[in-house]
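Accompanying notes for the structure given below.
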Amino acid sequence: MTKFSRKPTTLAIAAAVLLATGLTATAALAQRDPEYQAARSSGQVGEQTDGYLGIVGGETASLRALVNNINIQRKAAYTRSAADSATVEQFAFTSGCNLIAKTVPGEKYQAPDGGWKTRTAAPPERDSRCI
């Protein structure tokens with residue numbers, strides 16, 4: 001049995017599109033933070049398959065605080081958007097698929113096997129459930 005056995009409904013897919021729009025605003029705000037941008041560019045953080053930001057390699061207190069802050073904002077957005085059409089975990093997973101797809105060459109992302117990869121010019125490896 002897969003982790004998400006419910007098939008997405010049209011409403012869930014539409015909500016995921018709206019969520020992506022909302023996350024784009026959150027991501028845009030986070031990207032204005034020079035610390036976040038530096039961590040992303042240097043490969044210290046990357047997009048995880050579960051829709052949250054992860055630390056790649058060594059962790060510092062300031063890096064953990066930065067990642068926690070962004071992930072709290074993401075969880076709040078997932079919770080608001082998932083209220084009527086899907087679970088928070090389903091929204092987070094779908095967002096993870098989209099956020100990984102939006103990485104640019106040189107950025108880190110989590111592959112389906114759980115390992116960290118560096119994005120190249122080729123499309124990133126994504127979970128087979130990503131649409």
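A few notes on this one:
- Selection within region 41-79 - farther than 15 Å from K108 by Cβ and of a type in the set (S, T, N, Q): T60, S62, N68, N69, N71, Q73, T79
- Y109 vs. criteria touching a residue at least 40 places away in the same chain (Cβ under 8 Å), surrounded by 14 or more Cβ atoms within 10 Å (Cβ to Cβ) and in a strand (DSSP E or B): yes
- Looking only at region 70-85, and only at residues there that are of a type in the set (A, V, I, L, M, F, W, C) and under 25 Å from V45 (Cα atoms), the one that is most open to solvent (accessible area, probe 1.4 Å): I72
- Evaluation of P124 against (1) loosely packed, with under 12 Cβ neighbours inside 10 Å; (2) at pLDDT 95 or above; (3) touching a helix residue (DSSP H, G or I) at 6+ places or on another chain (Cβ under 7 Å) (one fails), failing number: (1)
- Single condition L53 does not satisfy, out of (1) within 10 Å of the chain's Cα centre (by Cα); (2) free of Cβ contacts under 8 Å to residues at least 24 places away in the same chain; (3) open to solvent by 10 Å² or more (accessible area, probe 1.4 Å): (3)
- Residue in region 89-101 that is open to solvent by less than 30 Å² (accessible area, probe 1.4 Å), assigned to a loop (DSSP other than H, G, I, E, B) and at pLDDT 90 or above present: no
- Some residue of region 68-83 being over 26 Å from D33 (Cβ atoms) and modelled with pLDDT under 95: yes
- Some residue of region 9-17 being open to solvent by 80 Å² or more (accessible area, probe 1.4 Å), at pLDDT below 95 and within 24 Å of P123 (Cβ to Cβ): yes
The values are calculated or read from the model by the stated rules, or taken from the named source; none is laboratory data. All values derive from a computational prediction rather than experimental measurement. FYI the Cβ positions are ideal-geometry reconstructions off the backbone, even for glycines, and counts take in every protein chain you see. Calculation scope for accessible area: heavy atoms of the full protein, side chains included, ligands and nucleic acids excluded. Shrake-Rupley method; radii C 1.70, N 1.55, O 1.52, S 1.80 Å.
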